[in-house]
Amino acid sequence: MEPTRKESLFILSGASGVGKSSAAQILFQKEEDYIVMESDLLWCTYYDTPQDGYRHYRETWMRLCASISQCGKPVVLCGCGTPQQFEGCEAKRYFKGIHYIAVVVEPDVLEERLRRGRGIRDEGWIKSSLDFNRWLRQNGRKTSPPMELVDNTALTAEETANRIDRLIRERL
């Protein structure tokens with residue numbers, strides 16, 4: 001079926017450990033004006049090829065979000081991603097706009113959350129998360145379209161969710 005109703009799509013991004021999933025969980029539980037989805041839900045090794053897999057993964061999610069928004073509500077898709085990974089997708093045509101929000105945190109706080117809060121010992125994973133967080137902090141506002149950054153270094157998950165909700169509502 002071809003989607004006919006166009007709603008906005010919100011991409012909620014951020015490195016592993018920054019608090020985006022905690023904020024998204026709060027929004028998921030209380031929000032009624034938009035649908036919150038976790039992108040890891042569909043991940044499998046089929047998509048684990050940067051050349052083609054990532055593109056298919058984004059296209060699949062965008063088509064799914066377009067179908068969901070036929071109920072008249074926009075979708076907030078939570079996961080790691082940047083505008084360049086979505087803007088070139090064919091499924092972009094199903095939305096009246098795509099808005100990008102990235103949760104970021106100070107590097108030392110992120111490392112602490114990963115090591116102590118999540119108990120992650122994999123140095124490669126920690127480095128990857130720190131690198132993506134650093135990239136978002138330095139480049140997020142320079143992407144096309146720009147990403148709105150939410151720095152939750154000193155915020156609770158509830159405060160982070162409230163800021164994200166406010167940004168979404170400003171763009172509805």
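The values are calculated or read from the model by the stated rules, or taken from the named source; none is laboratory data. Predicted, not measured: the structure shown is a model, and the values here were computed from it. Here the Cβ is made from the backbone with ideal geometry for all residues, glycine too, and neighbour counts use every protein chain on show. Ligands, DNA and RNA are excluded from the accessible area calculation, which covers all protein heavy atoms including side chains. Shrake-Rupley method; radii C 1.70, N 1.55, O 1.52, S 1.80 Å.
State the number of residues belonging to segment 67-101 that are without any contact (Cβ under 8 Å) to a residue 40 or more places away in the chain and of a type in the set (Val, Ile, Thr).
The initial filter retains those residues of segment 67-101 that are without any contact (Cβ under 8 Å) to a residue 40 or more places away in the chain, namely 68, 71, 85, 88-93.
Of the ones still in play, those that are also of a type in the set (Val, Ile, Thr) are 68.
Residues flagged as without any contact (Cβ under 8 Å) to a residue 40 or more places away in the chain and of a type in the set (Val, Ile, Thr) within segment 67-101 amount to 1.
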Inter-residue pairs, beta-carbon under 9 Å, first closer than 15 Å to Trp135 by Cβ and in contact (Cβ under 8 Å) with a residue 24 or more places away in the chain and in segment 2-19, second of a type in the set (Ser, Thr, Tyr) and surrounded by fewer than 18 Cβ atoms within 10 Å (Cβ to Cβ), 6+ apart | Ala15/Ser128; Ser16/Ser128
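Could you please let me know if Ser16 is in contact with a helix residue (DSSP H, G or I) (Cβ under 6 Å, 6 or more places away or on another chain), closer than 18 Å to Glu158 by Cβ and surrounded by fewer than 20 Cβ atoms within 10 Å (Cβ to Cβ)? Explain how you work it out, then say what you get.
Numbers: in contact with a helix residue (DSSP H, G or I) (Cβ under 6 Å, 6 or more places away or on another chain): yes; closer than 18 Å to Glu158 by Cβ: no; surrounded by fewer than 20 Cβ atoms within 10 Å (Cβ to Cβ): yes.
No: the conditions fail for Ser16.
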Of the conditions (1) open to solvent by less than 40 Å² (accessible area, probe 1.4 Å); (2) outside any loop (DSSP other than H, G, I, E, B), Leu155 clears all except one; give me its number.
-> (2)
Identity of the residue in segment 110-129, open to solvent by 100 Å² or more (accessible area, probe 1.4 Å) and free of Cβ contacts under 8 Å to residues at least 12 places away in the same chain, that ends up nearest to Ala154 (Cα to Cα) | Arg116
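Report yes if some residue within segment 139-150 is assigned to a helix (DSSP H, G or I), more than 16 Å from the chain's Cα centre (by Cα) and farther than 12 Å from Gly14 by Cα; otherwise report no. Even if it seems obvious, please write down each step before you answer.
The initial filter retains those residues of segment 139-150 that are assigned to a helix (DSSP H, G or I), namely 139-142.
With the extra rule that they be more than 16 Å from the chain's Cα centre (by Cα), the set shrinks to 142.
Filter again for farther than 12 Å from Gly14 by Cα, leaving 142.
Taking every residue of segment 139-150 in turn, at least one turns out to be assigned to a helix (DSSP H, G or I), more than 16 Å from the chain's Cα centre (by Cα) and farther than 12 Å from Gly14 by Cα.
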Would you be able to say whether some residue in segment 82-104 is under 27 Å from Glu31 (Cα atoms), basic (Lys, Arg), open to solvent by less than 60 Å² (accessible area, probe 1.4 Å) and part of a helix (DSSP H, G or I)?
-> no
